[in-house]
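Here's the structure, in structure tokens; my notes come after.
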């Protein structure tokens, strides 16, 4: 990511994937690192199943919690196809992290339209920094499939300037004690992936 | 101490820090979390009222008794509460009264996009509008101060972006609670019969004049003179969007959006060359400023609809079109859907199959208007399903017999369905009303209501018996069905539609996400690929785990594919098993 005063991250995926929790943890880590940070999201209509996005903006002084089109430096898609929905938000040299998981929307379930199969190659032909990571598989390995969001945080953490210990402290605080350990494992797996 | 807080958490904190211990609300996005967070503070009285009108009246009563009280609602909730609102403006508040309206530009979770700043002007009530969580916390305290000082209700307007964004907030020690409650009699002020109200009416105008003077020096109406070529007059979240892209221009940021400080605005106009008024939705500030004879640019270049972002403001002022050459690839939409195992699915599947006209209401079930369920055909506001079903059935006469059904959730029924149902009994309706009783307020996130048996503070409460209530309203045909049982649900609805006079069917099963119901998930179901003929009937349920898998055609078979059930998503509700004619699901 190129240097500018305020940077913007977009987390995108499907309701139920732990996106809002992940962006909360990210913001707390930024705050602990002494940065100004704002985030914005919309709590959707029904409880789950729809698109979920979270804008995170950080720097020395942040005004808007919402990024404008063409300004996102890092897109993290928790679901593969969702990456394609927000490309108009990205800068030309944005970094993209894509989770390999596919969750079918209703029109794909019903057989009306196919799931877009060549998402990754399309992204790679248009953006220089595209990383695919199977966070769901790594989460399973860590011992709890629900930690896929924290695996992705691990991957994100290697691109940001906060130390691993800041992240680990925040993760410990964010989960009840019995879940802290598996989430720290998941975080490390994401860092190593 | 500094912590990361949402606007709603910060508002709740602000209410607590202000020493306020009395709040009433009805849940509604984007306002819901304010009450949920507030109720967690030590020593507060908090209640979910049955609707916003009641919530406001409860808060008015508390204020009349000398309390500092707050009523919290979403923008359309203020419509419900509008009746007491307009007259509490006349009576004043005695203690203190703040009303939160959480507006929803872009209709993220609402049926309309109304700009509730208009209510401030309409009801002659001052309104503050914070731009971020820190301001939200501070403005609440100021709102209570203004309420006490001017004996007036005060609005605090939030928007979805303020309520649901998070930022770093500094906490302060809460003011101690001071018990100033007592009973005071003041009929001239509180009995709004014409003779008294005419006198109070004059007081309201005096108060507005005083508030206008106050606004001139109000600490949160702030001028920032930088580059004098461009001056921006704005309020709330759009201030942040504008500062993000035009940090060097001059600003007049209005913390109080009604009444406006005319002298301050003229003073600002004298200091800058070109003025833009940047506001989402209606030209509320713009029209008033133009009426002062000040030349400004507003809705000529900024949209009337939807929320803004920094790019919209930048492009409008710089006259830029949208950026070009963005890589794009079309992808299917991902609308929100009823959850796997949702009790509404079986009911709306049945309503679709019966080819009825279904007047709908506000709740998760509204989503069943979409394909493939398509089991709901109108949605206007809370409670409208019942009055509309009755109106349609009366207008259609014989043509409508057995064809009109109104559907409403349990929380929504309690909110505003009782009166129209009484009307149906009284005026001899022929429609059938179905109450989808899932034992909670599901859409906004499982809030308690009078039918759940608990209060927001976790205390045991009465548990409204819907059957007894409906019977007391004069409805004689009352049936209860389990929407997981498709055959019986269909039979009962058909029987009730055939009867003369109104019927109520209670479709009863707890929300699948409702923890207190302690629902044991059933074994996930599977499709037997040998038995599945690929008829796609199960796909008509629109259940997220069920998908279509295309297959190579086998010679002599018409089958083009089969259904597949994702065992990680399926909760075993058994609806697909009931609709499959080939026993292919087990």
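Residues in segment A:97-105: is at least one modelled with pLDDT under 95, outside any loop (DSSP other than H, G, I, E, B), more than 7 Å from chain B (Cβ to nearest Cβ) and closer than 25 Å to residue A:158 by Cβ? Checked against the condition, which is being modelled with pLDDT under 95, outside any loop (DSSP other than H, G, I, E, B), more than 7 Å from chain B (Cβ to nearest Cβ) and closer than 25 Å to residue A:158 by Cβ, segment A:97-105 yields no hits at all. No other residue among B:45, B:41, B:90 is over 28 Å from residue B:462 (Cβ atoms) and surrounded by fewer than 23 Cβ atoms within 10 Å (Cβ to Cβ) apart from B:90.
When B:221, B:186, B:182 are checked against the criterion of being away from every other protein chain (no Cβ under 14 Å) and in contact with a helix residue (DSSP H, G or I) (Cβ under 7 Å, 6 or more places away or on another chain), a single residue qualifies: B:221. Can you say whether residue A:59 is surrounded by fewer than 21 Cβ atoms within 10 Å (Cβ to Cβ) and within 8 Å of another protein chain (Cβ to nearest Cβ), as far as the supplied structure shows? So residue A:59 does not fit the description; no. Candidates B:151, B:173: the one that is touching a residue at least 40 places away in the same chain (Cβ under 8 Å), assigned by TED's automatic domain parsing to the domain that holds residue B:89, out of contact with any strand residue (DSSP E or B) (no Cβ under 7 Å at 6 or more places or on another chain) and surrounded by 14 or more Cβ atoms within 10 Å (Cβ to Cβ) is B:151.
Those strands (runs of 3 or more DSSP E) of segment B:1-107 in which at least 2 residues are under 30 Å from residue B:309 (Cα atoms) and within 14 Å of chain A (Cβ to nearest Cβ), considering only elements entirely within it, cover B:2-6, B:96-103. Considering A:117, A:124, A:92, the condition of being part of a loop (DSSP other than H, G, I, E, B) and either more than 23 Å from residue B:371 (Cα to Cα) or more than 8 Å from chain B (Cβ to nearest Cβ) (or both) is satisfied by A:117 alone. It is to be established whether one or more residues within segment B:400-420 are touching a strand residue (DSSP E or B) at 6+ places or on another chain (Cβ under 6 Å), within 14 Å of chain A (Cβ to nearest Cβ) and surrounded by fewer than 23 Cβ atoms within 10 Å (Cβ to Cβ). No: zero hits. Evaluated against (1) surrounded by fewer than 16 Cβ atoms within 10 Å (Cβ to Cβ); (2) modelled with pLDDT of 95 or more, residue A:135 falls short on exactly one condition, (1).
If the condition is being surrounded by fewer than 18 Cβ atoms within 10 Å (Cβ to Cβ) and more than 34 Å from the chain's Cα centre (by Cα), then segment B:264-283 contributes B:266, B:267, B:270, B:271, B:273, B:274.
Answer yes or no as to whether residue A:148 is in a helix (DSSP H, G or I), within 14 Å of another protein chain (Cβ to nearest Cβ), buried (at least 17 other Cβ atoms within 10 Å of the Cβ) and in contact (Cβ under 8 Å) with a residue 60 or more places away in the chain. Against the criterion (in a helix (DSSP H, G or I), within 14 Å of another protein chain (Cβ to nearest Cβ), buried (at least 17 other Cβ atoms within 10 Å of the Cβ) and in contact (Cβ under 8 Å) with a residue 60 or more places away in the chain), residue A:148 qualifies. Of all positions in segment A:36-54, none carries a residue that is farther than 25 Å from residue B:443 by Cα, touching a helix residue (DSSP H, G or I) at 6+ places or on another chain (Cβ under 6 Å) and not in a strand (DSSP E or B).
Looking across segment A:64-84, the residues that are at the interface with chain B (Cβ under 7 Å from one of its Cβ atoms) and either at positive phi or buried (at least 21 other Cβ atoms within 10 Å of the Cβ) (or both) come down to A:64, A:65, A:66, A:68, A:70, A:81. Could you list, in sequence order, all residues of segment B:309-362 that are in contact with a strand residue (DSSP E or B) (Cβ under 6 Å, 6 or more places away or on another chain) and without any contact (Cβ under 8 Å) to a residue 12 or more places away in the chain? Hit for segment B:309-362 is B:334, nothing else. Scoring residue A:24 on the criteria (1) assigned to a strand (DSSP E or B); (2) in contact with a helix residue (DSSP H, G or I) (Cβ under 8 Å, 6 or more places away or on another chain); (3) at the interface with another protein chain (Cβ under 9 Å from one of its Cβ atoms) leaves a single failure, condition (1). Taken over segment A:31-46, residues that are over 15 Å from the mean Cα position of the chain (by Cα) and either at pLDDT 90 or above or more than 7 Å from chain B (Cβ to nearest Cβ) (or both) amount to 8.
Yes/no per residue for (1) within 30 Å of residue B:482 (Cβ to Cβ); (2) modelled with pLDDT of 95 or more; (3) under 26 Å from the mean Cα position of the chain (by Cα); (4) more than 14 Å from every other protein chain (Cβ to nearest Cβ):
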residue	(1), (2), (3), (4)
B:289	no, yes, no, yes
B:299	no, yes, no, yes
B:314	no, yes, no, no
B:325	no, no, no, no
B:333	no, no, yes, no
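Restricting to segment B:491-501, name every residue that is buried (at least 18 other Cβ atoms within 10 Å of the Cβ) and touching a residue at least 24 places away in the same chain (Cβ under 8 Å). B:493, B:496, B:497, listed by residue number. Among all residues of segment B:25-42, there is none that is over 30 Å from residue A:20 (Cβ atoms), touching a strand residue (DSSP E or B) at 6+ places or on another chain (Cβ under 7 Å) and at pLDDT 95 or above.
Kindly provide the set of residues from segment B:124-148 that are within 14 Å of chain A (Cβ to nearest Cβ) and either in contact with a strand residue (DSSP E or B) (Cβ under 7 Å, 6 or more places away or on another chain) or not in a helix (DSSP H, G or I) (or both), ordered by number. Answer for segment B:124-148, where residues must be within 14 Å of chain A (Cβ to nearest Cβ) and either in contact with a strand residue (DSSP E or B) (Cβ under 7 Å, 6 or more places away or on another chain) or not in a helix (DSSP H, G or I) (or both): B:130, B:131, B:132, B:133, B:134, B:136.
The values are calculated or read from the model by the stated rules, or taken from the named source; none is laboratory data. These numbers were taken from a predicted model, which means no experiment stands behind them. Cβ coordinates were reconstructed from backbone atoms using ideal geometry, including for glycine residues, and neighbour counts include every protein chain displayed.
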